[in-house]
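Engineer: Submitted below is the structure of interest, expressed as structure tokens.
The values are calculated or read from the model by the stated rules, or taken from the named source; none is laboratory data. Remember, it's a predicted structure, so these values are computed and weren't measured experimentally. Note: ideal-geometry Cβ built from the backbone for every residue, glycine included; neighbour counts use all protein chains shown. Ligands, DNA and RNA are excluded from the accessible area calculation, which covers all protein heavy atoms including side chains. Shrake-Rupley method; radii C 1.70, N 1.55, O 1.52, S 1.80 Å.
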Amino acid sequence: MRRLLTALCLLVGYVVPLSADEVTSVENPVYARWKNYPVGTEVRYRQHTQAQGVDERRLMVYRLTEKTADQLTVEIRTRQEGAAESDETVQTQTAKRLFRLPPGVTARQFGKPAGRKAEGQEELEIPGRRLKASWTLSEVRVEAGVTETKTWISDQIPGGLVRSISTTPAVRSQTTMELLELRESALQKAEKP
């Protein structure tokens, strides 16, 4: 009712103040997970998909290419494992610092996966370091059936993702994405004493 009244008032030139919940912006999780790293930082992953007899492995490199106080850009390079770098596909993702909450979503709910079944903390070992990570197990219904995903996130990794495993039993599909390597910017290395 309040939204209808607000819309009607705007049509006739009256302004009705919106409640704080209706205008809340939060820091974009993508921005938040990259903002503390220098431009040039790279995170490398392997994505392995097995589905109905298909076995595919891809290498993915996420690289911070631009950063300002208001937004940042991450380049994502993807190629089949064993393929030449010239066969890569390249995409860019721009993340503004602030994100307006969708209607009906609170700041506390924002960024949490749908269908959460369980959550916890775990220490993981990746090449060269141990990480403290939080994990979430979620279940969603997709066209192919129920998909269960367990995702590990760490503040110690640019972008946050350490590992993700998604399984859809109805189509015998499993996709695993694992962190292989973190490469800090050459600029940052040069600045260290």
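Engineer: Could you tell me whether Leu72 is of a type in the set (A, V, I, L, M, F, W, C), modelled with pLDDT of 95 or more and under 30 Å from Thr24 (Cα atoms)?
Structural biologist: yes
Engineer: List the pairs whose first member sits in segment 92-111 and is at pLDDT 85 or above, whose second member is open to solvent by 60 Å² or more (accessible area, probe 1.4 Å) and β-branched (Val, Ile, Thr), and whose Cβ atoms are under 8 Å apart, counting only residues at least 6 apart or on separate chains?
Structural biologist: Sorted first by the residue in segment 92-111, then by its partner, the pairs are Arg100/Val23.
Engineer: Quick one: in segment 44-60, which of the residues that are open to solvent by less than 50 Å² (accessible area, probe 1.4 Å) and of a type in the set (S, T, N, Q) is nearest to the chain's Cα centre (by Cα)?
Structural biologist: Result: Gln47.
Engineer: While we're looking at this one, here's another question. Is there a residue being over 21 Å from Ile153 (Cα atoms), modelled with pLDDT under 90, open to solvent by 70 Å² or more (accessible area, probe 1.4 Å) and not in a loop (DSSP other than H, G, I, E, B) anywhere in segment 18-35?
Structural biologist: For segment 18-35, residues over 21 Å from Ile153 (Cα atoms), modelled with pLDDT under 90, open to solvent by 70 Å² or more (accessible area, probe 1.4 Å) and not in a loop (DSSP other than H, G, I, E, B): present.
Engineer: Which pairs have Cβ atoms under 9 Å, sit 6 or more apart or on different chains, and link a residue in segment 150-173 that is touching a residue at least 24 places away in the same chain (Cβ under 8 Å) and crowded, with 16+ Cβ neighbours inside 10 Å to one that is of a type in the set (A, V, I, L, M) and in a loop (DSSP other than H, G, I, E, B)?
Structural biologist: Hits for this filter: Thr168/Ala144; Ser173/Ala144.
Engineer: Follow-up question, since we're still on this one. Residues in segment 92-111: is at least one closer than 26 Å to Gln50 by Cβ and aliphatic (A, V, I, L, M)?
Structural biologist: Filtering segment 92-111 for residues closer than 26 Å to Gln50 by Cβ gives none.
No, segment 92-111 contains no residue that is closer than 26 Å to Gln50 by Cβ and aliphatic (A, V, I, L, M).
Engineer: Something else now. Do you know which of the residues in segment 112-121 that are out of contact with any Leu (no Cβ under 8 Å at 6 or more places or on another chain) and surrounded by 10 or more Cβ atoms within 10 Å (Cβ to Cβ) is modelled with the highest pLDDT?
Structural biologist: Gly120
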